[in-house]
1. The conditions are (1) part of a helix (DSSP H, G or I); (2) not assigned by the TED database to the domain that holds G162; (3) not aliphatic (A, V, I, L, M), and D58 fails exactly one of them. Which is it?
2. Evaluate the range 65-76: report whether one residue or more is of a type in the set (S, T, Y), outside the structural domain of V153 (by the TED database), modelled with pLDDT of 85 or more and over 23 Å from S135 (Cα atoms).
3. Among residues belonging to the range 88-116 that are part of a helix (DSSP H, G or I) and more than 20 Å from L148 (Cβ to Cβ), point out the one that is most open to solvent (accessible area, probe 1.4 Å).
4. Of all residues being open to solvent by less than 50 Å² (accessible area, probe 1.4 Å) and of a type in the set (S, T, N, Q) in the range 156-185, which is nearest to A204 (Cα to Cα)? Just the residue, please.
5. Collect the residues in the range 117-155 that are surrounded by fewer than 17 Cβ atoms within 10 Å (Cβ to Cβ), in a strand (DSSP E or B) and free of Cβ contacts under 8 Å to residues at least 40 places away in the same chain, keeping them in residue-number order.
6. Would it be correct to say that D203 is surrounded by fewer than 14 Cβ atoms within 10 Å (Cβ to Cβ), within 25 Å of V137 (Cα to Cα) and either modelled with pLDDT under 85 or not assigned by the TED database to the domain that holds Q121 (or both)?
7. Pull out all pairs, ordered by first then second residue, where Cβ-Cβ is under 6 Å, the residues are six or more apart or on different chains, the first lies in the range 185-203 and is of a type in the set (D, E), and the second is assigned to a loop (DSSP other than H, G, I, E, B) and buried (at least 21 other Cβ atoms within 10 Å of the Cβ).
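The values are calculated or read from the model by the stated rules, or taken from the named source; none is laboratory data. Not measured: the values here are computed from a predicted model. Here the Cβ is made from the backbone with ideal geometry for all residues, glycine too, and neighbour counts use every protein chain on show. Surface areas here come from the heavy atoms of the whole protein model, side chains and all, with no ligands, DNA or RNA. Shrake-Rupley method; radii C 1.70, N 1.55, O 1.52, S 1.80 Å.
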Amino acid sequence: MTASGTEARGAGKSAAGVVNTKSARAIRRASRRPGRFPHASVGMLAWLMLVWVLLWADPSTGTFLSGIIVALFVTTVAPFPYVPFDGRSRPIAVIHLMTHFLFDIVHSSFQMARFILSGRQPQAAIIRVHLRSHSDVYLAMISGMTALVPGSVVVEAHRVTGTLYVHVFDTHLAGGIEGIHRTVLELEERVLRAFASHDELVDAGYVPSSSRRAGRLPVPYAPATGAPREFGTAQSAAVVQAQHAKRDERQARTRRIAGNALQAEVEQ
């Protein structure tokens, strides 16, 4: 082998090494979250501060200040994992959500107390409910709020299918199977109208608005649950196919981001 051939091969390896280094650097840069302080949103910091004040049961200035410091420390040392969220906050809908949620807690507490004092035997059951939204954020919010209402608890949640398995203390007290489905889906609608974006509301089959009076979209665009129904017309089939393609694209994007992050770590 001539000296020129050896030099050419060495130059090729050097060029390939430079390309790989640039690729790894580009992947790390694309998959890395931009550094910022604070690491959490203002709403999350306010929520953590409120939890701190409630734990101390002392709404004083010092408690609020210490709550802010603790919230900043916790979110900086142990930041929450990144979850795609494209929502917004609608104050009127948020107030309606919290008011209805507090009413459900009080009303269910009285119902449970009256049922226990009556000495009747409960007819417990586990009910499967398919949600209409496709976000982990709303799935977690609905699961937590459902579990906080006396008489119901979420025993399992499937994030891929958007399915909740809700254990109820007594099916008759909760309004039967249809009543349980209606209660969970109405809670989901209030959560979506309070925090979901325009596209997320449309994807769930709701007319974009902060009020429930806006109603739902026509049937081809508004499946009864998170799983689209099968329809006979070609236009409805196209709509369902577009919904499937959109969901598949969203899942593929999430997997691609996770794969790029892993590849960057391996090459590094």
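1. Every condition holds for D58 apart from (1).
2. yes
3. Top of the filtered list is I92.
4. T163
5. R128, V153, V155
6. Answer is no for this residue.
7. E188/L131
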